[in-house]
1. Order the following by accessible area, largest value first: D277, D36, D8. Probe radius 1.4 Å; ligands, DNA and RNA are ignored.
2. Separation between the L131 and T97 pseudo-spin-labels, each 7 Å from Cα along Cα→Cβ, expressed in nm?
3. Along the Cα→Cβ direction, 7 angstrom out, place labels at N32 and A188. What is the inter-label distance in nm?
4. If I model a spin label as a point 7 Å beyond the Cα along the Cα-Cβ vector, how far apart are those points for D39 and D264 in nm?
5. Give me the accessible area of F122, 1.4 Å probe, in Å² rounded to the nearest 10.
6. Which ³J(HN,Hα) values, rounded to whole Hz and listed in residue order, are derived for region 142-159 from phi using the Karplus coefficients 6.51, -1.76 and 1.60 in 6.51 cos²θ - 1.76 cosθ + 1.60 with θ = phi - 60°, glycine and proline given as x?
7. Mind checking the per residue accessible area of region 158-251 for me, 1.4 Å probe, whole number of Å²?
8. Would you mind working out the magnitude of the charge dipole of the chain relative to its Cα centre, with +1 at each Lys and Arg C-beta and -1 at each Asp and Glu C-beta, to the nearest 20 Debye?
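The values are calculated or read from the model by the stated rules, or taken from the named source; none is laboratory data. Keep in mind the model is a prediction, meaning the values are calculated, not measured. Neighbour counts are summed over all protein chains in view; Cβ atoms, including those assigned to glycine, are modelled from backbone coordinates with ideal geometry. The area values use the complete protein model at the heavy-atom level, side chains included, leaving out ligands, DNA and RNA. Shrake-Rupley method; radii C 1.70, N 1.55, O 1.52, S 1.80 Å.
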Amino acid sequence: MIYGSAQDWRAATRKKVLFFGMSGLGKTYVSNILRDTGDWFHYSIDYRIGTRYMGEYITDNAKAEAMKVPFLRDLLLSDSIYIGSNISFENLTPVATYLGKPGDAAKGGLEISEYHRRQEQFRLAETHALLDTEYFSDRAERLYGYPHFICDTGGSICEWVDADNPDDPLLSELSKHTLMIWIKGDEAHTEELIRRFDRAPKPMSYQPEFLTRVWDQYLAEQDCGPDEVDPDAFIRWTYAQALAHRQPRYEAMARNWGVTVTADQIGAVRDASDFEDVIAQALEAKEQTT
């Protein structure tokens with residue numbers, strides 16, 4: 001880790017951190033608090049994915065839908081209108097909409113082969129965006145003069161790494177430039193995330209092997225064909241399994257590559273000083289267990 005102790009962390013004139021964990025546990029919340037101090041640069045992986053690495057996919061998908069409408073088709077073909085995504089830190093809907101959900105086309109579902117294709121596009125996009133961390137860390141200081149840096153990752157980072165491999169290329173690169181911080185939720189947080197997701201299911205990204213397993217299992221349990229699957233029902237059914245699948249992967253990342261803080265600790269942060277104290281405590285706890 002780039003900070004070997006709480007003392008090293010507190011003394012650092014340039015603090016660089018990376019948050020990981022399930023969406024909804026405080027990564028963006030604390031990032032916004034730190035960014036608002038004026039000393040921290042906030043690098044959002046999801047925003048980078050949507051604007052740099054999947055922007056054309058998202059726009060082309062919207063254009064394909066518009067081309068089905070004769071009025072809009074004529075305007076597009078004559079370059080009379082422009083279609084683009086209005087993605088922002090607060091609105092990442094264009095990425096989620098493009099990822100979509102598998103199942104019955106009449107209910108907005110994608111064929112499973114197309115769903116797998118988009119999942120692979122997202123995996124590559126997220127990997128590239130994560131590998132851009134060093135560039136943005138350097139750029140934030142060199143171009144804008146920010147002394148401190150936050151990398152705010154998406155919940156699926158754990159899907160693409162092997163945390164027990166000391167030579168994992170992605171984790172090796174990220175740990176060279178940031179202190180990796182797992183924001184850990186408890187059972188109550190997990191239950192609330194499931195309730196929230198059940199009210200408004202959103203597309204997610206999954207490890208290919210996991211997706212194949214749960215898709216086959218769902219078809220067998222529901223005794224239905226791929227084109228009979230209710231897309232929302234499937235991703236609701238999958239979500240709790242995805243949380244259970246990701247938890248040990250996050251834990252291994254924190255154990256071997258970073259530190260752990262709780263969602264409650266992050267929720268209590270009100271300013272940069274609070275945050276510095278929370279991370280110092282996490283580093284002290286790490287020292288005691290190694």
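1. Details: D277 55, D36 120, D8 75 Å².
Greatest to least solvent exposure: D36, D8, D277.
2. 3.0
3. Label-label distance for N32 and A188, simple model: 2.2 nm.
4. Distance between label points: 2.8 nm.
5. So the heavy atoms of F122 present about 10 Å² to solvent.
6. For region 142-159, the Karplus curve yields 5, 8, 10, x, 6, x, 10, 9, 10, 9, 9, 8, x, x, 8, 3, 5, 6 Hz.
7. 49
8. Numbers: 31 positive and 47 negative charges, 125 e Å.
The dipole of the chain has a size of about 600 debye.
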